[in-house]
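Taking it in order: structure first as structure tokens, then the write-up.
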Amino acid sequence: MKMKQFNLLPLFLILITSFSSANSTIVSHDERAITIDGQRRILISGSIHYPRSTSDMWPDLINKAKDGGLDTIETYVFWNAHEPARRQYDFSGNLDLVRFIKTIQSAGLYSVLRIGPYVCAEWNYGGFPVWLHNMPDMKFRTINPSFMNEMQNFTTKIVNMMKEESLFASQGGPIILAQIENEYGNVISSYGAEGKAYIDWCASMANSLDIGVPWIMCQQPHAPQPMIETCNGFYCDQYKPSNPSSPKMWTENWTGWFKNWGGKHPYRTAEDLAYSVARFFQTGGTFQNYYMYHGGTNFGRVAGGPYITTSYDYDAPLNEYGNLNQPKWGHLKQLHTLLKSMEKPLTYGNISTIDFGNSVTATVYTTNEKSSCFISNVNATADALVNFKGKDYNVPAWSVSVLPDCDKEAYNTARVNTQTSIMTEDSCAEPKKLKWTWRPEFTTQKTILKRSGDLISKGLVDQKDVTNDASDYLWYMTRVHLDKKDPIWSRNMSLRVHSNAHVLHAYVNGKYIGNQIVRDNKFDYRFEKKVNLVHGTNRLALLSVSVGLQNYGPFFESGPTGINGPVKLVGYKGEETIEKDLSKHQWDYKIGLHGFNHKLFSIKSAGRHQLKWSTDKLPADRMLSWYKANFEAPLGKDPVIVDLNGLGKGEVWINGQSIGRYWPSFNSSDDGCTDECDYRGEYGSDKCAFMCGKPTQRWYHVPRSFLNDKGHNTITLFEEMGGDPSNVKFKTVVTGTVCAKAHEHNEVELSCDNRPISAVKFASFGNPSGRCGSFAAGTCEGANDAAKIVAKECVGKLNCTMNVSSHKFGSTLDCGDAPKRLFVEVEC
Ligand code: GAL
């Protein structure tokens, strides 16, 4: 007995110490702030989604985020990627969530884990697996036992994985917050009383998982306690949590916007983004997250929408390939540094405000040790001159000045001193022309004439119900017998299809009669084409193509996909129209295309199908064709892209790995773009778009880790619409030109990233004007030769930093009192 007692004691002590390990971090909150180990904090966070990059990119992305002044990395968890089939899990490669969180931890950053598991995120089906929808009696995001059971199962799985690796802050790990559900408050009213019951259940389920750090719910006013509600949007300065004891938190500050096929390229200025952040902290914010900090790429078929492009660049501070998106990254970095220096007064200080009228306000945060101030001008057009504590400040319209000591402006959101980097494709090494082989999608004729389907059904089916979304493609095939006496016969007959297919291709009696694609968000449309029918049996084959499943809205999971009908033959006889409804006929369905089912893109299958690839008569505009070529990977470490201009629509693989859907033939509409973007006034996703009338996406990211440095690489294309691969090229992306428009009394840093600055194209100190690429000297200039000074300090170097001052560039005549600026353009 004694022995036993003696043995148990050390074990008991070990248990105690492991729970209160010295490393464990206590995260809590009060009405003012998120508190970490008893200290109120200002936390700057950014979203990076691990599967939208490759695991070898993670350390660099995270380090750049840290260098940009971030404390925290936020990510969603992608259910359908991790549980592709029920109870079969995948956490390998780029889905290695534990490794991603550990990479954040080793960079010394915190992490916010947004488990969802509904995530929206422009991700296929909002992150829900399609098998879930196809379970009996299933209803998403409401009080439904099957749904709740699956949601709880996955959430618990993720929480346990994190716990096993001690990744919660309470265990000494980096995860300081976790999220359950996503923006349910936006749709809750559509679910009636069950919606409220569901969100209460979400809260208690999450709470029962006992993670030791707070749970958040975004866009969830009156979130059930102890969940913390948070704000999402372009601005959250006006946001007030409905619970008075919740701190003011912003989980998604949209740094730009996503892009649709046929849509324009969104652009949000650095000035406006910085303004939104400064306003948020001026008005009492504690936690702010950039959505996205790095958007990345929708590899494979993960793009949702429908119609979200393969690039998920988002105009984020780090671009799709992981390069700094300047000036956004640098302009925000400066702001972060200042905000952190003001952390104590912002989170502990007394707050007073001074209203100067016309939407100009100063906010003073004071503690015994230090005061920090903001002066904001929310007016969208009028600049303001204010006298504050005995000094004059010029606060441009729609801007915030930051005065860390309340005595001197250290930063204004509208005065950007960071360089603008213009990325370009590297033309130094002009890539060789590729030698293509090709083959047809080999049994197309067999499918469309002989109906060799996978299943037969009376009537039309919903696409995702039968494909489980295993493929973008579903054939709908039927026969119709028309004898001579059929009343439908006329000279003018057509096939009419009511469709929700994102793309519809139609064949009658083995002949292609045409296609229709969704445009301008009209997902529900009518296709009608003239047809030649025969007496006897006529064969109809409709190929329905999906371009990503819907990811947002109440009951989005049950929205129609594919061809829901009716499908009719129509005969027009003068005034009379005779219709023959085929919707209730017997239909044969074939899931996917043969080439996909036989993995023609796979490196392993290459040998088996070798003979069937032809080098002869490379077709330039042939539908449903496969193309393949070998290429050498561009040397070096710069990101690689492939230019797919000339192609139609399809999917592309590099060494067997899908880099996504492509559709360069889809141009964005001609109007709605601007040359100049005025940062002033509210941003919206349509403001400041560019690239009108151009291919929605011409360049596709080829992650370095998909490539073999030595030996050959293979690109495989499945071309659905018809296109010409002869201009396909691999290139690298580098910084080509760097410009800056820095203000006097500031420093300007110029950098070509990892290449030396090669020449100065323009430099003038005084009142120069124009845009990068067309700068012009103004009416006054510093006495010293600015171009010479910049050349001396910068050319041949990787980067250089200069003071923007009359001392350096010479005093100016005739400039008057106007603030002076240095405009400079250098080549890389
Ligand atoms: C939010 C959503 C995010 C993302 C964003 C738009 O409503 O929570 O997941 O979809 O919109 O990019």
Assigned charges on the beta-carbon of Lys, Arg, Asp, Glu; the range 709-812 dipole about Cα centre (debye): 320 debye
Antiparallel content of DSSP bridges confined to the range 645-761, in %, to 5: 90 percent
Amide hydrogen neighbours beyond the local backbone of Gln550, cut-off 5 Å, H modeled: Tyr125
Ratio of Rg to Rh over the range 127-271 (Cα coordinates, Kirkwood Rh, two decimals): 1.00
Highest average packing first - 587-593, 373-379, 272-278, Cβ atoms within 10 Å: 272-278, 373-379, 587-593
Intensity falloff of the chain expressed as log10 I(q)/I(0), Debye formula with alpha-carbon point scatterers, at q = 0.07, 0.08, 0.10 Å⁻¹: -0.62, -0.79, -1.15
Whole-Hz ³J(HN,Hα) from phi, Karplus 6.51 cos²θ - 1.76 cosθ + 1.60, for the range 458-471, glycine and proline x: 7, x, 8, 10, 7, 4, 5, 5, 9, 8, 6, 6, 6, 8
Volume of the Cα convex hull of the range 730-828, divided per residue and given in Å³: 85 Å³
Two-site FRET efficiency, Lys710 against Glu425, from Cβ-Cβ distance with R₀ of 22 Å, rounded to 0.05: 0.40
For the range 282-294, Karplus couplings with θ = phi - 60° (6.51, -1.76, 1.60), whole Hz, Gly/Pro x: 4, 9, x, x, 10, 9, 9, 10, 7, 10, 9, 8, 9
Cut-off 10 Å between beta-carbons: net charge of the residues surrounding Asp71, Lys and Arg +1, Asp and Glu -1: +3
When each of Lys64/Lys761; Lys259/Lys464; Lys637/Lys694; Lys64/Lys340; Lys328/Lys687 is checked by Cα-Cα distance, pairs over 20 Å: Lys64/Lys761; Lys259/Lys464; Lys637/Lys694
Heavy-atom accessible area ranking, 1.4 Å probe, most first, across Thr420, Thr714: Thr420, Thr714
Burial order of peptide ranges 285-297, 395-407, 518-530, 773-785 (average beta-carbon count within 10 Å, highest first): 285-297, 395-407, 773-785, 518-530
Cβ charges +1 (Lys, Arg) and -1 (Asp, Glu), total dipole of the range 95-184, debye: 120 debye
Relative contact order [Cα under 8 Å, 6+ residues apart], the range 192-262, whole percent: 22 percent
Per residue solvent-accessible surface (Å²) - the chain, probe of 1.4 Å: 41 Å²
Rounded to the nearest 20 debye, dipole of the chain from Cβ charges on Lys, Arg, Asp, Glu: 2800 debye
Between helix 97-106 and the chain: long-axis angle, C-alpha atoms, 0 to 90°, nearest 10: 20 degrees
Percentage relative contact order, the chain, counting C-alpha pairs under 8 Å, at least six apart: 12 percent
Nearest 10 degrees, 0 to 90: helix 192-208 Cα axis against the chain principal axis: 60 degrees
Around Ala629: net Lys/Arg minus Asp/Glu count, Cβ-Cβ under 12 Å: +4
Segments 182-190, 353-361 sorted - mean Cβ within 10 Å per residue, highest first: 182-190, 353-361
Whole-Hz ³J(HN,Hα) from phi, Karplus 6.51 cos²θ - 1.76 cosθ + 1.60, for the range 143-155, glycine and proline x: 5, 9, x, 5, 5, 4, 5, 5, 5, 5, 4, 5, 4
Centre separation in Å (Cα based) which lies between the range 726-784 and the range 125-177: 49 Å
Alpha carbon centroid spacing (whole Å) that separates the range 305-333 from the range 572-588: 50 Å
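The values are calculated or read from the model by the stated rules, or taken from the named source; none is laboratory data. Just so it is clear, the structure is predicted and the values come from calculations on it, not from any experiment. Counting neighbours? That spans all protein chains shown, and the Cβs are built from the backbone with ideal geometry, glycine included. Just so you know, the surface numbers come from the protein's heavy atoms only, side chains and all, with ligands and any DNA or RNA stripped out. Shrake-Rupley method; radii C 1.70, N 1.55, O 1.52, S 1.80 Å.
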